[in-house]
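J.: Dropping a structure here in structure tokens format, bear with me for questions.
The values are calculated or read from the model by the stated rules, or taken from the named source; none is laboratory data. All figures in this text were calculated on a predicted structure; none of them were measured in a lab. Neighbour counts run over all protein chains shown; Cβ positions are idealised from the backbone, glycine included. The accessibility values were calculated without ligands, DNA or RNA, using every heavy atom of the protein model including side chains. Shrake-Rupley method; radii C 1.70, N 1.55, O 1.52, S 1.80 Å.
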Amino acid sequence: MLCLGVNFRTAPVSVRERFAVLKGRLADANRAIAALPAVQECVLLSTCNRTELYLWSAQPQEAARAALAHLLGADAAAADCFYTHEDAEALRHLATVAAGMDSMVIGETEIFGQLKDAYRAAQEAGTTASHANRTFQHVFTVGKRVRSCTRITSGPTSVGAAAVQMAQQILGSLAGCRVLVVGAGEVARTTAKSLASRGAEHIFVANRSYDRAVDLAAQVGGRVIRFSEWIPYLREIDIVIVSTASPAYVVAPELLEQVQAERKRPLFLIDLSVPRNVDPACALVQDVHVYDMDAMQAMAEESLEIRGRELARGAEIISRWVQEEGADLLSNHSPAHESIGK
């Protein structure tokens, strides 16, 4: 078992975004990796904070070289940002990710669902067999165990909740402020719900899929704005939270220059997208302040010390699990073993 990856600890968002794989492309990406020399099974995980490949091979060195070259593509200079874990360490790392212990926001709940989605996409692509299936089923169990046996989920437990905490630090009370959420995916959804729970009274939602925007706005008592019309609304908005699956910028400095000429007051943008959706040059516009996932990381690190003891307890649970079940999961002689077809 191998894990190859890049995450928020090893690379800034400007590097991570180059290796992000959109959800709709995961199946094809898994199939392309499974077709590489020596790769028998694989699961690709791609979130705003990491892109990781889990694979199984009887020739691990050959598989690792081929997989890393495939992930890097023409971006070989980024190789130093990637890490590799093998066998027990790969298993330990996967369990740590599932438990939310390797997240920017320690104990976050979103990663568990994202990991399940990644596994499901690999299953549907036909790139998993006995080793991947057994491993992920057991890992989901130990991830739940860590969350239930520790207090790791105390405090903000999602990127969305952390974004709202940042908004509060920027604006003070959210009461009376006007917030625009651009996007209606899982991160946007948790962010909007956190905004509502923290007292934001005016929440606007814009999304390419109007029906999804309507659904999210209904959940938080917000108002829907058509995606093609949200830029003019910035004249009345205090803070914008952007989280879409667009591979390109959706907020450009030229647009904000026009808006700020009329606003005459600060505008705050929190970009939770990877690849980024807010052009970093927007920060050069007068009275515009841009925060991306790297800024979120800095804020999250401030609260890391508080959860230190819970991290240690979670690590102990995972270490015991690896000792008790790792040998069986990593065995090449499992009765249920089968290889996927190339």
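J.: Using per-residue counts of other Cβ atoms within 10 Å, averaged over each peptide, order 67-77, 315-325 from highest down.
T.: 315-325, 67-77
J.: For segment 34-64 and segment 203-260, write down the distance between their C-alpha centroids in whole Å.
T.: 36
J.: Order these peptides, 164-173, 285-294, by their mean beta-carbon neighbour count within 10 angstrom, highest first.
T.: 285-294, 164-173
J.: Right, here's the next one. Only one of the listed values, (1) 33, 22, 18; (2) 39, 28, 14; (3) 38, 22, 17, was derived from the coordinates as semi-axes √(5λ) of the Cα gyration tensor in Å; which label is it?
T.: So the calculated entry is the one marked (3).
J.: Let me know the charge dipole size of segment 3-128 about its Cα centre in debye, to the nearest 20, where only the beta-carbon of Lys, Arg (+1) and Asp, Glu (-1) is charged.
T.: About 240 debye.
J.: Okay, helix-only estimate at 222 nm for the chain: each DSSP H run of n ≥ 4 adds -39500 (n - 2.57), divide by all residues, round to 500 deg cm²/dmol; what do you get?
T.: -14000 deg cm²/dmol
J.: Further question on the same structure: Toward the positive end of the charge dipole of the chain, about the Cα centre and with charges on Cβ (Lys, Arg +1; Asp, Glu -1), which of F19, Y54, I231 goes farthest?
T.: Farthest towards the positive pole: I231.
J.: Still on this structure: Relative contact order, percent, of segment 1-99 when contacts are C-alpha pairs under 8 Å separated by at least 6 residues?
T.: Reported relative contact order: 39 percent.
J.: Here's a follow-up. What accessible area per residue comes out for the chain, rounded to a whole number of Å², with a 1.4 Å probe?
T.: Accessible area per residue: 43 Å².
J.: Additional query: Not counting ligands, DNA or RNA, and with a 1.4 Å probe, what is S331's accessible surface area in Å² rounded to the nearest 10?
T.: So the heavy atoms of S331 present about 30 Å² to solvent.
J.: Which ³J(HN,Hα) values, rounded to whole Hz and listed in residue order, are derived for segment 26-38 from phi using the Karplus coefficients 6.51, -1.76 and 1.60 in 6.51 cos²θ - 1.76 cosθ + 1.60 with θ = phi - 60°, glycine and proline given as x?
T.: Working through the residues one at a time gives 4, 4, 5, 5, 4, 5, 5, 6, 5, 7, 6, x, 6 Hz.
J.: Which number gives the lysine pairs in the chain that have C-alpha atoms under 26 Å apart and are eight or more places apart or on different chains?
T.: 8
J.: Probe radius 1.4 Å, ligands and nucleic acids ignored: give me the carbon and sulfur share of the accessible area of the chain as a rounded percent.
T.: The nonpolar share, carbon plus sulfur, comes to 49 percent.
J.: Follow-up. Looking at S103, I170, I33, which one has the Cα that reaches farthest to the positive end of the dipole of the chain (charges on Cβ: Lys, Arg +1; Asp, Glu -1)?
T.: Working it through, the farthest residue towards the positive pole turns out to be I170.
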